[in-house]
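Worksheet: one structure, shown below.
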Amino acid sequence: MSKKPFYITTPIYYPSDRLHIGHAYCTTIADSIARYKRLSGYDVFFLTGSDEHGQKIQRKAEEANTTPIAYVDKIVDSFKHLWEKLDISNDDFIRTTERRHHELVQAVFQKIYDQGDIYKAEYEGWYCTPCETFWMERQLTDGKCPDCGRPVEIVKEESYFFRMSKYQERLLKFIEENPEFIQPVSRRNEMINFIKGGLEDLCVSRTTFDWGIPVPFDTKHVVYVWFDALTNYITAAGYLDDREKFAKYWPADIHLVGKEIVRFHSIIWPVILMALDIELPKKVYGHGWLVVEGDKMSKSKGNVIDPLALIDEFGADAIRYFLLREITLGLDGNFSRDALISRINADLANDLGNLLHRSLSMIGRFNGGIIEAAGEAEPVDQDLIELAQNTAAVYQKYMDQQDINGALKAVWALIGRTNKYIDETGPWALAKDPAKKGRLNTVLYNLAEVLRIVSILISPFMPQTSPKIWAQLGIAANFADVQLADAKAWGRIEACTAIAKAEPIFPRIEEAPVNEAQAQPAEAIAVPAPQPEAEAAPDTPEITIDEFAKVDLRVAKVLAAEKVKKADKLLLLTVDLGTEQRTIISGIAKHYEPEQLVGQNVVMVVNLKPAKIRGIESRGMVLAASCDDKLQLVTADMPAGSKVK
């Protein structure tokens, strides 16, 4: 049976300068939807590209003392490089300077002219070159462009006009009869009001510059850049040169665009299609802006965020996850470095990363690295299984509505519940009793199965992370062949599967302290570990504040924990201090299993003299409180490296 087609597009981006994080946001959304549809069994055609003509480009090239094509070639290469780094899975990249598009634009212009919907007249009015947009006097805001707020210039020239006014009522009727056509609803209402205000005929040619596609029957004119750009969606779909492909993929399922260009895509573009007697796209979705610390990005403000630098620092999947999780599609979203790091640490390192590492570590320690078949079951197991299966169904519902944020929340609710499941079932305690081996196998199998399901559900958003999880679980099947149905089924991991070595997929990120009072140079930090459960004697001598100040207490995150061989009381801890990692020997093995400690933020004395214990150098001491036979580590919900005082 042939797959159902699905066609999704981003706007084609204007190469007047390099792309910023806002462009990366839009393309990541489109890529995630495309990947989800492939996962769901669709035959996907995903298009992005570059819109390369117009007066703005010509002026930029002149300023750079080069030709327009040489100017855009270099910038378009940077677009492609960014999409490669961000792991964008587009099926085609269209440039409006390509021959296939040149021919289509001229054919479309000629067809609409021949049927009388394009006519010659003289244009006199206002034009915003940065937006490449015509405006009437009444549409200006304080004499400036209502979209970008920059100055407009008066334009007077012979032009060709497109009879948009002829299609006003037909377009309004279509929008009202197809409520899903423009989304979200707020954008739909804006467009209805704009149309009801009256559609003017659109100027669709220019003569005052020549960087564009010539009008086929009057070559002193070039086609207006927006008329040229919008038709890219049918160029790539094969309208002119591959009618079989066009019949398969058109109408487009989603045009994903920024809210500032919804008007072009939901008014001008549909009217062009109506004039060509071509079916309209199913949906135009206008996403919000990505602002920086509450302010729109601009070069003049110096707040433009380079996505390539972020990818190099944090990794593509972390950036993709942040953009998709932090922002609700359709609304404006705020970008900040602090929010990015917080989201990575909380969701990726602590939640997902910790679940994977804890689960694989326990499978390795308790079952020799083998995922055994499940044995004895209890109600808590069935609760987890039902949640996992329900999560896959809820996830699908959200994704079919383009609610990526909702889908991610559902997956992370499953991750959180599974971390809690570990604490509820206590595998470390089950492992101590040979009679409970079947029960232990059930718990460890369930953990592995949840991770398998999670890896599938997050694959549209974090395409590099999912195969890594798959590989660490030791699953032999090719992840590229996975389908959404595999996430709905429980029990797909085969018994006796050998896991790979557990490797951190998202190490916690700690920024350098901002003042010297919070940190000392790494070389000044030396330390190790007496027995933390030894209580202070009742007659402990008093000390001065200056003496206390000599004790350097910091928050440390436990990255790994294991028992010291031939030492019943000792654990070997690897901790992160934010600026460095250390090993500590701690006498808490009778009170904590190693798996309970991984991910904990403990308080540590960092300037204690190093000591060798059982041949291992211990450089610090973790603090614990004790009462009778009970001992509990002192923990702190603060970033690693935080000073305790």
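The values are calculated or read from the model by the stated rules, or taken from the named source; none is laboratory data. This structure is a prediction, so every number in the text was calculated from the model and none was measured. FYI the Cβ positions are ideal-geometry reconstructions off the backbone, even for glycines, and counts take in every protein chain you see.
The condition (being surrounded by 15 or more Cβ atoms within 10 Å (Cβ to Cβ), more than 18 Å from Gly286 (Cβ to Cβ), without any contact (Cβ under 8 Å) to a residue 12 or more places away in the chain and not aliphatic (A, V, I, L, M)) is satisfied by just one residue among Lys144, Lys173, Lys166: Lys144.
Go through the range 596-645 and give me each residue that's surrounded by 15 or more Cβ atoms within 10 Å (Cβ to Cβ), modelled with pLDDT under 85 and hydroxyl-bearing (Ser, Thr, Tyr). Answer for the range 596-645, where residues must be surrounded by 15 or more Cβ atoms within 10 Å (Cβ to Cβ), modelled with pLDDT under 85 and hydroxyl-bearing (Ser, Thr, Tyr): just Ser642.
Among residues of the range 103-119 that are touching a residue at least 12 places away in the same chain (Cβ under 8 Å), those with a beta-carbon under 6 Å from a residue that is surrounded by 14 or more Cβ atoms within 10 Å (Cβ to Cβ) and in a helix (DSSP H, G or I) at least six positions away or on a different chain give the pairs Leu104/Thr235; Val105/Asp228; Ile112/Ala275; Asp117/Ala275; Ile118/Ile112. Against the condition of a type in the set (Ser, Thr, Tyr) and assigned to a strand (DSSP E or B), how does Tyr113 come out, does it pass? Criteria not met by Tyr113. Taking the listed residues Ile195, Ile182, the one that is of a type outside the set (Phe, Trp, Tyr), within 15 Å of Val284 (Cβ to Cβ), surrounded by 16 or more Cβ atoms within 10 Å (Cβ to Cβ) and in contact with a strand residue (DSSP E or B) (Cβ under 6 Å, 6 or more places away or on another chain) is Ile182, with no other qualifying.
Among the numbered conditions (1) in contact with a Gly (Cβ under 7 Å, 6 or more places away or on another chain); (2) touching a residue at least 60 places away in the same chain (Cβ under 8 Å), the only one that Phe93 does not meet is (2).
Considering Asp552, Asp576, the condition of being at pLDDT 80 or above, farther than 24 Å from Arg614 by Cβ and buried (at least 18 other Cβ atoms within 10 Å of the Cβ) is satisfied by Asp552 alone. Restricted to the range 221-293, the set of strands (runs of 3 or more DSSP E) holding at least 1 residues that are in contact with an Asp or Glu (Cβ under 7 Å, 6 or more places away or on another chain) and surrounded by fewer than 19 Cβ atoms within 10 Å (Cβ to Cβ) comprises 290-292. When Asn405, Asn367, Asn345 are checked against the criterion of being over 23 Å from Tyr25 (Cβ atoms) and in the same structural domain as Ala448 (by TED's automatic domain parsing), Asn367 stands alone in meeting it. Among the residues of this structure, Pro467 counts as one that is surrounded by 12 or more Cβ atoms within 10 Å (Cβ to Cβ) and either modelled with pLDDT of 95 or more or of a type outside the set (A, V, I, L, M, F, W, C) (or both).
Taking the range 390-408 as the range and being free of Cβ contacts under 8 Å to residues at least 60 places away in the same chain and of a type outside the set (Gly, Ala, Ser) as the test, the residues that pass are Asn390, Val394, Lys397, Tyr398, Asp400, Gln401.
Among the residues of the range 28-47, is there at least one that is over 21 Å from Asp403 (Cα atoms) and surrounded by 17 or more Cβ atoms within 10 Å (Cβ to Cβ)? No, there is no match, as no residue in the range 28-47 is over 21 Å from Asp403 (Cα atoms) and surrounded by 17 or more Cβ atoms within 10 Å (Cβ to Cβ).
With the condition kept exactly as written, say whether any residue in the range 62-71 is surrounded by fewer than 20 Cβ atoms within 10 Å (Cβ to Cβ) and in contact (Cβ under 8 Å) with a residue 40 or more places away in the chain.
No; the residues of the range 62-71 include none that is surrounded by fewer than 20 Cβ atoms within 10 Å (Cβ to Cβ) and in contact (Cβ under 8 Å) with a residue 40 or more places away in the chain.
The residues in the range 390-427 that are crowded, with 16+ Cβ neighbours inside 10 Å, within 27 Å of the chain's Cα centre (by Cα) and of a type outside the set (Asp, Glu) can be counted, and the count is 21.
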